[in-house]
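The next block holds one structure in the form of structure tokens; read it before the comments.
All of the numbers you see were taken from the coordinates with simple rules; none came from a lab. Keep in mind it's a predicted model, so treat the numbers as computed, not measured. Don't worry about glycine lacking a Cβ; one is built from the backbone with ideal geometry, like all the others, and counts go over all protein chains shown.
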Amino acid sequence: MARCVPCLFRGIELEVTEQTDEQLAAEAAREGSDGPAFVALVERFRQRVWRICFRLLGNEQDANDAAQEVFVRLFLNRTKFAGRSKYGTWVHAIAVRTCLTIRRGRGRRHRHEDTTSEEQWERQPQTRDQPASGLSLDLMQMLEILDEEDRAMLILKYAESYDYEELAAIFDLSVSACKMRLSRAREKLQQRFPDQTS
């Protein structure tokens, strides 16, 4: 059970642990700085945001940098939460967009290297009598064939157990469009890696 710790800010006592995320977001928007409500939100979402960043970026250093960037963006945009979704969904959407931006920037820098290594991988003969360990691929490598949003959507759905409604809100899609994109991404993986996905 969470302990209720009163925070003092300009003489106002705020019971931050008893408030919903949405209530804290409204209070953070009124604070005008990083007062107790914003600090409480950072504490509530710190681990979840880092985990999303780690899943989408694949290494600890990038995840740390991205999570920091997410909280800077949350701070700068704290007055823009409109309440059309849950606050957590809004935070996760900012985390996903931040990570996608980082991955796209990284992709532009490494596009030539990636193209060359993929061409070399495709030229390697694939024989049926190779040992299974020779055919095994890392799941994250397999996901690299997908576009950034589809990759992120699959990771959030299957590694983080997001439901279709949450994914639809994060990616600004209808639920049916979200299901269709996930289905097409799975099909693409199954076509490209039939031995690993069967």
> Of 152, 164, 183, which is farthest on the positive side of the dipole of the range 138-198, counting Cα position, with +1 on Lys and Arg Cβ, -1 on Asp and Glu Cβ, and the Cα centre as origin?
Replying inline: 183
> Based on the alpha carbon coordinates of the range 138-198, what radius of gyration and maximum Cα-Cα distance (Dmax) apply, in Å?
Replying inline: 11.4, 33
>> Could you sort the peptides 188-194, 89-95 by per-residue average Cβ neighbour count (10 Å cutoff), highest mean leading?
In response: 89-95, 188-194
> How large is the charge dipole for the range 47-92, taken about the Cα centre, if only the Cβ atoms of Lys, Arg (+1) and Asp, Glu (-1) carry charge, to the nearest 20 debye?
Replying inline: 400
